[in-house]
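The values are calculated or read from the model by the stated rules, or taken from the named source; none is laboratory data. Not measured: the values here are computed from a predicted model. Here the Cβ positions follow ideal geometry from the backbone for every residue, glycine too, while neighbour counts run over all protein chains shown.
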Amino acid sequence: MTLDAFFREHPRAALGFSGGVDSAFLLWAGLRAGADIRPYFIKTAFQPAFELEDARRLASDLGAELRVLEYDILSRPEVTANPADRCYHCKRALFSLLREAALRDGYPLLLDGTNASDDAGDRPGMRALAELSVRSPLRDCGLTKAEIRRLSREAGLFTWDKPAYACLATRIPAGTPLDAETLGRVEAAESALFGLGFTDFRVRVFHGAALLQLPEAQFARAAERRGEVLEVLKGQFGRAMLDLEARGS
């Protein structure tokens, strides 16, 4: 099946929209196919501010009306306990909220941006999507991450080379309770490091300290700007460490 064929069969749908590579391409493809596809961004303590900014920019570029829903995900004890299957509980709560809003707006079908490269066996959130009958057209049509990036570049989408960005909760080890203050410190540290020119990295919480994970190509930059990096990380966490096992290796 092609995306055009999918949207001919499903010409009206609501899209769980993150502003990332996959959902951005899916929104573009749906609109190009003539579908009535409406993007919904759910703002929680797990999304950094730049994600909403990117979502708004992309929706504006495509002429789509973005609906922003705010949700207090930290009010859910099964999420804040941060169990190994936290993503299941989180995804279940967020897409249940999206379903209610979409149905009120007249959109009975829900879509998400899961692609054919995503490993269903390692993503508890996919179980929640299946339970809520959320469709994943990119996955259904066999489109991989590499193909989506290539097609996004050809389409002129600024998201084509945007690094993957998992939610802030992934920075905190499973079993460690989640709270707004810690999530805020992670976001502040990562935002400052973005400002120093670092990309595709993570600031993880490790026994109360900041553990910086970088691609190997950015190790030299970290050494050159060691003082600034330490100032950022120690300013938020008091202690800072560099993971010598390169991110993505």
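Being under 15 Å from Cys167 (Cα atoms) and touching a residue at least 40 places away in the same chain (Cβ under 8 Å) is the filter here, so list the residues in segment 24-71 that pass it.
Ile42, Thr44, Ala45, Phe46, Gln47, Pro48, Ala49, Phe50, Glu51, Asp54, listed by residue number.
Residues in segment 40-60: is at least one of a type in the set (A, V, I, L, M, F, W, C), in contact with a Leu (Cβ under 7 Å, 6 or more places away or on another chain) and surrounded by fewer than 18 Cβ atoms within 10 Å (Cβ to Cβ)?
no
Could you identify the single residue in Ala192, Ala146, Ala128 that is in contact (Cβ under 8 Å) with a residue 40 or more places away in the chain, part of a helix (DSSP H, G or I) and within 30 Å of Pro11 (Cα to Cα)?
One residue alone meets the criteria, Ala128.
Here are the criteria: (1) touching a strand residue (DSSP E or B) at 6+ places or on another chain (Cβ under 9 Å); (2) over 30 Å from Gly195 (Cα atoms); (3) in a helix (DSSP H, G or I); (4) of a type in the set (Ser, Thr, Tyr). Tell me which single one Tyr107 does not satisfy.
(3)
Looking at segment 90-97, can you tell me whether even one residue there is assigned by TED's automatic domain parsing to the domain that holds Ala24, polar (S, T, N, Q) and more than 21 Å from Ile148 (Cα to Cα)?
yes
Just the residues that are exposed (fewer than 14 other Cβ atoms within 10 Å of the Cβ) and either touching a helix residue (DSSP H, G or I) at 6+ places or on another chain (Cβ under 9 Å) or not charged (D, E, K, R) (or both), please, taken from segment 97-118.
Leu103, Gly106, Pro108
Is there a residue being surrounded by 15 or more Cβ atoms within 10 Å (Cβ to Cβ), at positive phi and in contact (Cβ under 8 Å) with a residue 40 or more places away in the chain anywhere in segment 6-21?
Within segment 6-21 (the criterion being surrounded by 15 or more Cβ atoms within 10 Å (Cβ to Cβ), at positive phi and in contact (Cβ under 8 Å) with a residue 40 or more places away in the chain), the answer is yes, since at least one residue qualifies.
Scan segment 148-203 residue by residue and report those that are surrounded by fewer than 15 Cβ atoms within 10 Å (Cβ to Cβ) and under 18 Å from Ala81 (Cα atoms).
Across segment 148-203, the qualifying residues are Pro173, Ala174, Gly175, Thr176, Pro177, Asp179, Ala180, Glu181, Gly184.
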